[in-house]
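Asks: One structure follows; several queries about it will come next.
The values are calculated or read from the model by the stated rules, or taken from the named source; none is laboratory data. Just so we're clear, the structure is a prediction, and the values are computed from it rather than from any experiment. Cβ: placed from backbone, ideal geometry, glycine included. Neighbour counts: every protein chain shown.
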Amino acid sequence: MKKRAGVFVCQCGTNIEATIDTEKVAEYARTLPGVAYATTYKYMCSDPGQELIRTAIEEHQLEQIVIASCSPRMHENTFRKAVVGGGLNGYMFEMVNIREQDSWVHHDRDAATKKAEDLIRMGVSKVLKNKPLQVSTIPITKKALVIGGGIAGMQAALDIAEAGHQVVLVEREASIGGKMTQLDKTFPTMDCAA
Ligand code: SF4
């Protein structure tokens, strides 16, 4: 697979841009081996931002994508869909967090910009090693096996059964109860252990 990575640096309005010089970061990204294209945009997750990604993939024949923006918890799926929309496998993509892990936690613009460059360099190194993955669906049997019929095993079996699933409880001794059956009374209720 060709190494033609595209790097997209989001400004998040001023959330990122106020602390990180994104144009400088994009300029730096263009010097990295394997990077064919790098750009910035104000709101990368917006519809025009996603369109920018799809168009750039086609125009610059990009094969790997790095998006430097917020936490993957926010927009990993958004960007994966954009990458797929651009015709690439959705796993030829890495998201680099320069907001929560950089612009939001630093005040020094020069240092934060340098950190963004480091994070993006690592993201590029990673994405250039990525391989296309396929999502598969595997049928499962909703049935559980619990090994050990002590208190924990018995309770686990009951909980699973109450959740509506079939359970098989396996115990090597002649009776269930485990250590509990060796006790007389249990604190604090002083109930009969058996
Ligand atoms: S992608 Fe993330 S960092 Fe960029 S504008 Fe959207 S929320 Fe902000």
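Asks: Counting only residues that are within 12 Å of ILE65 (Cα to Cα) and more than 10 Å from the ligand (Cβ to nearest atom), which one in region 1-28 is surrounded by the fewest Cβ atoms within 10 Å (Cβ to Cβ)?
Replies: Among them, the one singled out is LYS3.
Asks: Please go through (1) in a helix (DSSP H, G or I); (2) of a type in the set (Lys, Arg); (3) under 17 Å from the mean Cα position of the chain (by Cα) for LYS115 and return the number of the only condition it doesn't satisfy.
Replies: (3)
Asks: Additional query: Output the residues belonging to region 158-184 that are modelled with pLDDT under 95 and β-branched (Val, Ile, Thr).
Replies: Hits for region 158-184 are ILE176, THR181.
Asks: Next up: Give the residue, chosen from LEU52, LEU62, that is more than 16 Å from the ligand (Cβ to nearest atom) and of a type outside the set (S, T, N, Q).
Replies: LEU62
Asks: Okay, moving on. Mind listing whichever residues of region 1-39 are touching a helix residue (DSSP H, G or I) at 6+ places or on another chain (Cβ under 7 Å), in a helix (DSSP H, G or I) and under 19 Å from GLU63 (Cβ atoms)?
Replies: ALA29
Asks: Also: For region 65-90, how many residues meet the condition of being surrounded by fewer than 17 Cβ atoms within 10 Å (Cβ to Cβ), within 13 Å of the ligand (Cβ to nearest atom) and in a loop (DSSP other than H, G, I, E, B)?
Replies: 1
Asks: Kindly indicate which of ARG73, ARG99 is of a type in the set (Lys, Arg), within 17 Å of THR19 (Cα to Cα) and within 17 Å of the chain's Cα centre (by Cα).
Replies: Selected residue: ARG99, the only one of ARG73, ARG99 that is of a type in the set (Lys, Arg), within 17 Å of THR19 (Cα to Cα) and within 17 Å of the chain's Cα centre (by Cα).
Asks: Quick check on this structure: which one of GLN134, GLN101 is within 13 Å of the ligand (Cβ to nearest atom) and polar (S, T, N, Q)?
Replies: GLN101
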